[in-house]
1. Of the residues that make up segment 142-158, is at least one part of a helix (DSSP H, G or I), free of Cβ contacts under 8 Å to residues at least 60 places away in the same chain and hydrophobic (A, V, I, L, M, F, W, C)?
2. Just a yes or no: is a residue in segment 256-264 closer than 30 Å to residue 125 by Cβ and aliphatic (A, V, I, L, M)?
3. Restricting attention to segment 266-280, and to residues there that are in contact with an Asp or Glu (Cβ under 7 Å, 6 or more places away or on another chain) and in a loop (DSSP other than H, G, I, E, B), which single residue is farthest from residue 199 (Cα to Cα)?
4. Can you work out which of the residues in segment 281-296 that are in contact with a helix residue (DSSP H, G or I) (Cβ under 9 Å, 6 or more places away or on another chain) and assigned to a helix (DSSP H, G or I) is surrounded by the fewest Cβ atoms within 10 Å (Cβ to Cβ)?
5. Please enumerate the residues belonging to segment 1-49 that are open to solvent by less than 60 Å² (accessible area, probe 1.4 Å), touching a Ser or Thr at 6+ places or on another chain (Cβ under 9 Å) and more than 19 Å from residue 70 (Cα to Cα).
6. Which one of the conditions (1) over 27 Å from residue 268 (Cα atoms); (2) modelled with pLDDT of 95 or more does residue 331 fail to meet, given that it meets all the rest?
7. For segment 68-85, check the following and say yes or no: at least one residue is open to solvent by 50 Å² or more (accessible area, probe 1.4 Å) and within 30 Å of residue 300 (Cβ to Cβ).
8. Quick check on my filter: what residues within segment 321-342 are in contact (Cβ under 8 Å) with a residue 40 or more places away in the chain, within 18 Å of residue 308 (Cβ to Cβ) and part of a helix (DSSP H, G or I)?
Amino acid sequence: MMYQKNQIVELNITSLTSDGDGVGRAGEMVFFVPNTAVGDTIRAKVLKVKKNVGFARVEEIITPSPDRIETDCPVSFSCGGCVYRHISYEAECRAKRQKVIDAVTRIGKLDAQLVRNIIPSKNIDGYRNKAMIPVGLDRDGEVVMGYYARHSHHIMHCLRCQLSPPIFNDIIEDVYAFLRHRSSLIYTPQNRRGIRHLYLRYAETTGDVMLCIVAGSRHFDGDASLFYSLTEKYKQIKSIILNVNAEDTNVILGKHSYTVFGDGIITDTLCGLRFEIAPEAFYQINRTQAESLYAKAKEYADLSGKETLIDLYCGAGTIGLSMADQCKELIGVEIIPEAIENAKRNASQNGVRNARFICGDASQAAEELRKKGIRPDVVVVDPPRKGLTHHRADVPRQSRLRQL
């Protein structure tokens, strides 16, 4: 049967995609439906149809899934910030484990039994130590701040998020109150000057907060009064940074940053080590869960003190430095210069003497190390979203990893 746009179809949701959409079948047609849960029986309105795949939205929940809970966020169904707010945390963990199983079996062609149970997070609210809040104007010229709607650049106005620490929400509300009658301070493609994003970072153990204003110009009206009012009210703000991005791009941070208050960093403690966090440095969003992750990685590495350990995509060096006390030598590789400098300082201030850090592309740096006869015993990788890369197309990935 061929389905048409705007047609109503009844579906049983049997699984979730990697993006969190529900999957239901109607004959030979597979439909993807956001904001559904495994076990839902729904009526859905068809939005788009391809050959064997369709996209739909919920019109009515006939029988709700046992996994369903009441969402506590007024914009959760339209905001692109999270997709599991309407199901229990236990169901969310099952869905994420299945996502890993699918990747391991379908892409990796490995045994699903390799995937063990998820270690659940101790905190399921308020744990995100970083927030990037787009700032803009709606069609009526009113200031809006919040999060992008899913698959769009439309800003959903939302000043408080359950996943952010309370101080983020308080600061966001105060910045909005400052800007709402100063629309001229907002970046537009025409003026190319004002504020584009509010970027916040939080150090859980110290309480330090970093505020980064991303603007189209180094000089925009009202910056001094905004910065002064925030630092007077929030003593936890240890650094304020102005990042300039005048490019017509989806990339949030520009190439140039200027520290206008504090020393441009905040400090947190992770796995018993103190880490400086710069604006550009990678740091795990959920610090407490990161400690569990790093402890498990260290356990699997099974280090004896004689190994050469390479940490690819090392960022500020957190993973490798957490293992440095149990290996002979740590070599970290990262392409972002600021992160490498950050990693070097982190090693120094923690008294780690057996670590060195290389600024460069991971695959090219690995090749250079191989040429020098450096063959690691253990490789730790926490790659960016695109995953591991290799620059020699004639060498299979598996062989390439063995060469490392």
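1. no
2. Within segment 256-264 (the criterion being closer than 30 Å to residue 125 by Cβ and aliphatic (A, V, I, L, M)), the answer is no, since none of the residues qualifies.
3. It comes out as 271.
4. Of everything passing the filter in segment 281-296, 295 is surrounded by the fewest Cβ atoms within 10 Å (Cβ to Cβ).
5. Result: 11, 23, 24, 32, 44.
6. All conditions pass for residue 331, except number (1).
7. No: zero hits.
8. 321, 322, 323
The values are calculated or read from the model by the stated rules, or taken from the named source; none is laboratory data. What you see is a predicted model, and the numbers here were worked out from it, not measured in a lab. Cβ: placed from backbone, ideal geometry, glycine included. Neighbour counts: every protein chain shown. Calculation scope for accessible area: heavy atoms of the full protein, side chains included, ligands and nucleic acids excluded. Shrake-Rupley method; radii C 1.70, N 1.55, O 1.52, S 1.80 Å.
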